[in-house]
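Colleague: Structure provided below as structure tokens; questions to follow.
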Amino acid sequence: MSEEEARIAALPLWHGRPVIEPVAAGRTNRNFIVRDHGQRYFARVGTELPAHSISRAAERRCATLAADAGIAPAIVFASGGIMITAYVEGETLSIASGRTPERLAQVTAVLQRLHAIPVQGDLPRFCPVAASHRYLAQLSDAELPIARQHIEACLAQLPSLPAQCLIHGDLIPENFILSSERLLLVDWEYAGNGALATDLAMVISNFDLDDATAPSLLRLYGPVDQAAVDAMRVAAIVREALWCLAQARIGGMVGDLEDYTDLCLQRLERLLP
């Protein structure tokens, strides 16, 4: 039994000895399925990660707000870097499956409910432009696939948008779970106060929505500042590529990180040829 499994097993939640099964997914935490007394739960174990500005207290707070809004799994326990949620039977979205009209409508509905949660005084701000600057400061020139000056010049043209509401900040396809035609959001590590354009831009960039599909997403969502979304799409692409390089420095190219990094660097190189 690993240290993480032992910590989960020791929690005062279980009716007997829980059966704990590691799950391969998770780049900045370790995930498990827990079986206890005929019930299944999902467990995440993580630490504070200053390089990514990840606070487990903020993650817990955001996940709780989202669960209360009906767009995230119910939280059973959250303390000391361990979060136990209800297990959700379903499938994660993919780039292809997330681009269908039906799924885009569901994604939009989830974001509308998320963005109805007002700014919270006890949460940090998430901004992909600021995050990109932080990652650039951590990375050496040799680690960058594009000249630092080129990236900096791109970021210098992007606005710092005011926070309007709670945002997720990590809207990759696998953080959406489709369960019995209900769509839920998971992985709230980067969530915080932010601009709604950031989340919309992340869906556009991370699902590779083209010029025909992206407007459909925005029409479904409702009135939005198109210029802000366009700017945050650029920021999202830069941030995601730099995140990959920073994560490789922290933990190495393990699991699917190498393939994901290749995808994100391709997007960056198309953006900044």
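The values are calculated or read from the model by the stated rules, or taken from the named source; none is laboratory data. The shown structure was predicted, so the numbers you read here are calculated from the model rather than taken from an experiment. Methodologically, a virtual Cβ is constructed for each residue, glycine included, from the backbone with ideal geometry; neighbour enumeration extends over all protein chains shown. All accessible areas refer to the heavy atoms of the entire protein, side chains included, with ligands and DNA or RNA removed. Shrake-Rupley method; radii C 1.70, N 1.55, O 1.52, S 1.80 Å.
Colleague: For the stretch 1-48, I need the span (max minus min coordinate) of the C-alpha atoms along each principal axis, in Å, sorted largest to smallest.
Modeller: Principal-axis extents of the Cα atoms in the stretch 1-48, largest first: 30, 17, 17 Å.
Colleague: Can I ask one more? For Cys165 and Arg113 in the same chain, what is the full-extension length gain: residue separation times 0.36 nm, less their Cα-Cα distance, in nm?
Modeller: Gain in length upon complete extension: 17.7 nm.
Colleague: A further question follows. Considering only DSSP states other than H, G, I, E and B, which GluC sites (Glu not before Pro) in the stretch 116-215 qualify as loop sites with at most 15 other Cβ atoms within 10 Å?
Modeller: Values: sites: Glu143, Glu152, Glu174, Glu181, Glu189; in loops: Glu181, Glu189.
Here the GluC sites (Glu not before Pro) that fit, given the DSSP loop and packing criteria, are Glu181.
Colleague: Another question, if that's okay. Considering only protein heavy atoms, what per residue accessible area in square angstrom results for the chain with a 1.4 angstrom probe?
Modeller: 45
Colleague: If I take the Cα coordinates of the stretch 18-168 and project them onto the principal axes, what are the three extents in Å, biggest first?
Modeller: 57, 37, 34
Colleague: With a cut-off of 14 Å, note down the residues of the stretch 115-141 whose backbone N falls inside the zone around a label point 7 Å from the Cα of Leu271 toward its beta carbon.
Modeller: Under cut-off, by backbone N: 127-136.
Colleague: Going by the alpha-carbon gyration tensor, a ≥ b ≥ c the square roots of its eigenvalues, is the stretch 1-98 rounded (a/c under 1.5) or, if a/c is not under 1.5, prolate (a/b greater than b/c) versus oblate?
Modeller: Since a/c stays below 1.5, the shape of the stretch 1-98 is classed as rounded.
Colleague: Next question, about the same structure. Can you tell me the Rg and the Dmax, both Å, for the Cα atoms in the stretch 119-273?
Modeller: Rg, Dmax (Cα atoms, Å): 15.4, 48.
Colleague: Give the shape of the stretch 129-181 as rounded, prolate or oblate, defined through the alpha-carbon gyration tensor: a ≥ b ≥ c are the square roots of its eigenvalues, a/c under 1.5 means rounded, and otherwise the shape is prolate if a/b is larger than b/c and oblate if not.
Modeller: Cα axes put the stretch 129-181 in the oblate bin.
Colleague: Another question, if that's okay. Springs between alpha-carbon atoms under 10 Å, Gaussian network over the chain: tell me which of Ala246, Ala201, Ala72 tops the mean-square fluctuations.
Modeller: Most flexible of the set in this elastic network: Ala246.
Colleague: Largest first, please: the extent of the C-alpha atoms of the chain along each principal axis, to the nearest Å.
Modeller: Principal axes ranked by extent give 57, 42, 37 Å for the Cα atoms.
Colleague: Next question. Per 5 Å bin, what percent of the C-alpha pairs of the stretch 163-208 does each bin hold, from zero upward?
Modeller: 5, 23, 26, 27, 14, 4, 1
Colleague: What does the convex hull of the alpha-carbon atoms of the stretch 99-162 project to on average, in nm²?
Modeller: Taking the Cα atoms of the stretch 99-162, their convex hull projects to 6.9 nm² on average.
Colleague: Here is a follow-up. If I model a spin label at Glu152 and Glu48 as a point 7 Å from the Cα along the Cα→Cβ vector, what separation in nanometres do I get?
Modeller: 3.0
Colleague: Between Val224 and Val23, with labels modelled 7 Å along Cα→Cβ, what's the label distance in nm to one decimal, could you check?
Modeller: In this crude spin-label approximation the distance works out to 2.7 nm.
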